[in-house]
Structure formats: structure tokens, C-alpha cells
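Derivation of every value follows stated rules applied to the coordinates shown; laboratory data play no part. Every value quoted in this text rests on a predicted model; they were computed, and no experiment measured them. Cβ sites come from the backbone with ideal geometry, for glycine too, and all protein chains shown count toward neighbours.
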């Protein structure tokens, strides 16, 4: 049985599914290592234009597996403090790999997104949720810090600093309706419509040019670290000029509108 499954439900779309439903797709190392490798493989697949990430069963990802954390590789001879550091580096790398993908990533949050699973959803570019989904910054519930795997960086940027602090410090659940209201997810849909909603959005994205989409994603993420509006506008302008000058996409868009047909971007 594979803990991470890859499928191609529609042209240009790759579906990555965490497949450990009996443990609500918990972040055991036996799941996270294959996930990191699968994401790297998908990132190199030039036929993939959009990635959809979801969980099997009724959970998206329930965070750390408190019963069976799995096997940490390459730790023979290391002491406990160093093993702990290696463990966190491995989990951090999953989040970094997801964020670094050229392709836009849509998280199909089909159920609980707890702790590290919450972080995993936040590393996606777009989030859709089923009406049974909920989010919890669970570290605080377990006597630990709620700040893990980038959560204290990503959540304030998604919902604002005050709301993020309240969610993280109280350890309460954010249900799907609230998640939509505060902008944590784009839309909430019935469970049986979740993947189709993600695929429909992915197909709309695929209709645009590859460099246009990939640079837009890059600019969106870079804006979170921008030192000033002026410096970020310079970066945006460079990206815009790059596509404008090196492709005929703009001319094709104008022709397509004039001829009342979909544009075909050849980049």
C-alpha cells in the first residue's frame, strides 16, 4: 500500500493524495518522506500545470502521529537532540518543497487539517474546503508551541495577525464556515463536489500561459517577504516585461478577443 498516491484525473492536473485514512493521514515519517519525493517528482513533470493536494477518507491531515511516528532515516549514531533537529528539518522540507513548486497548488481540504496538516494546507496557493473540514493549531493543545512548520508565518498573512494569534493561542477549531468568512479558504462546498471544484479551477488556470501563471505565483509569494511596495513593484514590472517581450501572448490575447475565441498561448 502506498501512503502517497499520484493520479492524473484531467489533462494538465496532477492529484496528490495522502493515503493513510485509518490515521487521518497523520504526518508519520513514512508518509512525509514519500510526500516530499512525490512533490519533487511532480514539480519536474512538465505535463503538470496544476497540483491538487488532498487526503484519503474523512481527513485532510491530522498532524503528528502520536502513536506511530514512523522511521526517521539516517539517524544511526546520533543523540536525541540531533535526531529531533533532523526530524524537524525533514518536516520543514515538505512545506518548503510544496511552496517551491513551479505549478500552482490547490489544497482540497476534505476534513480535519490539524497541526502540521493545517500548515500543509497553508503552504498551498489556493484552498477549497468541504463543509465538514476544520482547522486546528494543535501544538498548543498538546502542551507545545502552536508555532510549527511555518504556521506563525503563514497564518497571520492569510487571516491577519490578531485573528491568527487568537486561533493559535486558544487552540480552538475553525470550522469550514468560519474559514470561508475570514478568508482562510476561498470556498466551501459539499464533500462530493470538492474535487470537481478544484479541477474546474485548475482547468481555468491551465487556460492561461505557463510563464504568466508561474510568475504570478512567484510574485504572490514574494510579496509576503517584500521590504517595500516600491521594491516589489520593480520585481513585478520585470516579470511583466519578461513575458511581454519574450512571447507573443499579448498579441494572441488581443487577436482572440477580436475573433471571439479562446486564446491559445504558445509562450
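One Cα centroid belongs to the range 159-189, the other to the range 1-79; the line between them spans 24 Å. Seen against the Cα atoms of the chain and their longest principal axis, helix 249-258 is set at about 60 degrees.
Between 0 and 90 degrees, the angle of helix 210-223 with respect to the longest Cα principal axis of the chain falls at about 50 degrees. Normalised by the number of residues in the range 40-113, the average gap of Cα pairs under 8 Å and 6 or more apart makes the relative contact order 65 percent. For the range 48-192, the gyration tensor built on C-alpha atoms gives a prolate shape. Its axis ratio a/c (a ≥ b ≥ c) is at least 1.5, and a/b is the larger of a/b and b/c. So if I take the centroid of the Cα atoms in the range 96-111 and the same for the range 216-236, what is the distance between those two points in Å? The two parts, judged by their Cα centres, are 20 Å apart. The order of the peptides 9-22, 153-166 by mean Cβ neighbours within 10 Å, most packed first, is 9-22, 153-166. By DSSP, the beta bridges lying fully in the range 4-205 are antiparallel in about 25 percent of cases. Residues of the range 108-122 with amide nitrogen under 17 Å from the 7 Å Cα-to-Cβ point of residue 96? What the label zone holds, given the 17 Å backbone N cut-off, is 120. Taking the 0 to 90 degree range and rounding to the nearest ten, how far is the long axis of helix 80-100 tilted relative to the main principal axis of the chain, both from C-alpha atoms? Compared with the principal axis, the helix lies near 20 degrees. Taking every C-alpha pair closer than 8 Å and separated by at least 6 residues, the mean separation divided by the residue count of the chain gives a relative contact order of 15 percent. Normalising the Debye intensity of the range 208-258 to I(0), with uniform scatterers on Cα atoms only, and taking log10 at q = 0.13, 0.17, 0.27, 0.32 Å⁻¹ returns -0.36, -0.57, -1.01, -1.19. Each peptide in 85-91, 119-125 was scored by the mean count of other Cβ atoms within 10 Å over its residues; highest first, the order is 119-125, 85-91. Computed per residue of the chain from DSSP H runs no shorter than four, each worth -39500 (n - 2.57), the mean residue ellipticity at 222 nm is -14500 deg cm²/dmol.
Estimated at 0.36 nm per residue, the fully extended path between residue 175 and residue 231 surpasses their Cα-Cα distance by 16.4 nm.
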